[in-house]
1. Give the lysines reachable from K116 as a straight Cα distance under 21 Å; neighbours fewer than 8 places away on the same chain don't count.
2. Per residue, how many Å² of accessible area does segment 75-200 show with a 1.4 Å probe?
3. I want to check the label-to-label distance for V293 and I322. Put each point 7 Å from Cα in the C-beta direction and report it in nm to one decimal.
4. Once phi is turned into θ = phi - 60°, what whole-Hz ³J(HN,Hα) does the Karplus curve with 6.51, -1.76 and 1.60 give for every residue of segment 101-114, x standing for Gly and Pro?
5. Provide the FRET efficiency to the nearest 0.05 for the R223-M349 pair, computing r from the beta carbons and using R0 = 22 Å.
6. Give a quick list of trypsin sites (Lys or Arg not before Pro) in segment 115-217 that DSSP marks as loop, anything other than H, G, I, E or B, with at most 15 other Cβ atoms within 10 Å.
7. If you project the alpha carbons of segment 31-119 onto their three principal axes, what span does each projection cover, largest first, in Å?
8. Contour minus end-to-end for L63 and K157, with contour as 0.36 nm per residue of separation and end-to-end as the Cα-Cα distance?
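The values are calculated or read from the model by the stated rules, or taken from the named source; none is laboratory data. Note that the coordinates shown come from a computational prediction; the quantities given were computed from them, not determined experimentally. Cβ placement follows ideal geometry from the backbone for every residue including glycine, while neighbour counts extend to all protein chains displayed. When the accessible area is computed, the model is the full protein with side chains, heavy atoms only, and any ligands, DNA or RNA have been set aside. Shrake-Rupley method; radii C 1.70, N 1.55, O 1.52, S 1.80 Å.
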Amino acid sequence: MLRVGLLTSGGDCQALNAAMRGVAKTLYTSGREVEIFGFLNGYQGMIYNRYRKMERENFSGILTRGGTILGTSRTPFKLLDEPTPDGIEKVPAMIRSYQSLRLDALVVGGGNGSTKTANRLAEEGLNVIALPKTIDNDTWGTDYTFGFDSAIEIATKCIDDIHTTASSHGRVFVIEIMGHKVGWIPLYAGMAGGADVILIPEIPYDIENVIDVIERRERGGKRFTIIAVAEGAITKEHAAMKKRERKKLLGLRSATVANEIADQLIVSTGREVRVAIPGHTQRGGTPCARDRVFATQVGIEAGMGILEGEYGFMVADRNREIVRVPLSEVAGKLKYVDPNCQLIRQAKMMGISFGDE
């Protein structure tokens, strides 16, 4: 009898259910006797031993369903060794839950922080496999994470829809796209949506360069400008500060980065400027086809790992091949956008500004 635990941790995203379905169907069709237990609300379910015994029908009809049927929550890795407010030691509690259910393996769907915790549990002797989910596509060791493509589709549609009203009224629009530390979503959505300016955390910007774009377009007869900005975009001035000073200053913000930029542009250009923030819609809704396929693939690979008795890895996409990467290699690392990557060079060649020049 194989006994397997499932959990989804961190921010939700599209295709989490598709990934769990891939794991379950692979195990169920293997000919082995299998019991699957779903921990509720991420690692909190393991900490408090809250779970449900899953049946085959629980994995039916969820391929196209967004969110996660198990629920999720954030359990920050940096607080992992601090007791819960009610005094529970988190790691020992998770180990007890694993052992009390006599699990042979634990499959974790999560991003960067969740993968760090998965690796910690693996170091404690648990058989763990991680699945790379996050809309941010910032998980180290994989070219692609499920949730990313669906988020791009939503952000791109937002930019597409803004284009018509921006051109009709001759307005400047600042569209804030998710991306606190990395800029993969605004980069791809900005390219797909035809943004004139794309601001991402990896390339600090100068507001004067953004103003130059607006004025240059106006001189060329263009009545509107579309600016796609990551929620974590920073100015060159802020980037020059020490990390501690910068975090303190940004923590005192009373407005989003999009609203700050909009206010500056109104004062400097006298133009009519509007802000659009799609926000958590980028995490929601039905997963796109590519995310469904990739999530299913990683779920299958995790199921195969369990059947083969191999653990301690994250399933990854490398050069369009599904591979197994040791958790110890990926835990604690972020995959940033390379400011000199081909896509950014190409974007600049066609006139898109990143605010740096």
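1. Qualifying lysines at Cα under 21 Å: K78, K90, K133, K181, K333, K335.
2. Working: 4360 Å² over 126 residues.
Per residue, segment 75-200 has 35 Å² of solvent-accessible surface.
3. Placing both labels 7 Å beyond Cα along the Cβ direction yields 1.2 nm.
4. 8, 6, 6, 8, 7, 10, 10, 10, x, x, x, 4, x, 5
5. Details: r = 25 Å, r/R0 = 1.12.
That gives a FRET efficiency of 0.35.
6. Working: sites: K116, R120, K133, K157, R171, K181, R216, R217; in loops: R171, K181.
In loop regions of segment 115-217 (DSSP not H, G, I, E or B), the sparsely surrounded trypsin sites (Lys or Arg not before Pro) are K181.
7. For segment 31-119, the Cα spread along each principal axis is 39, 29, 23 Å.
8. So the chain would gain 31.6 nm between L63 and K157.
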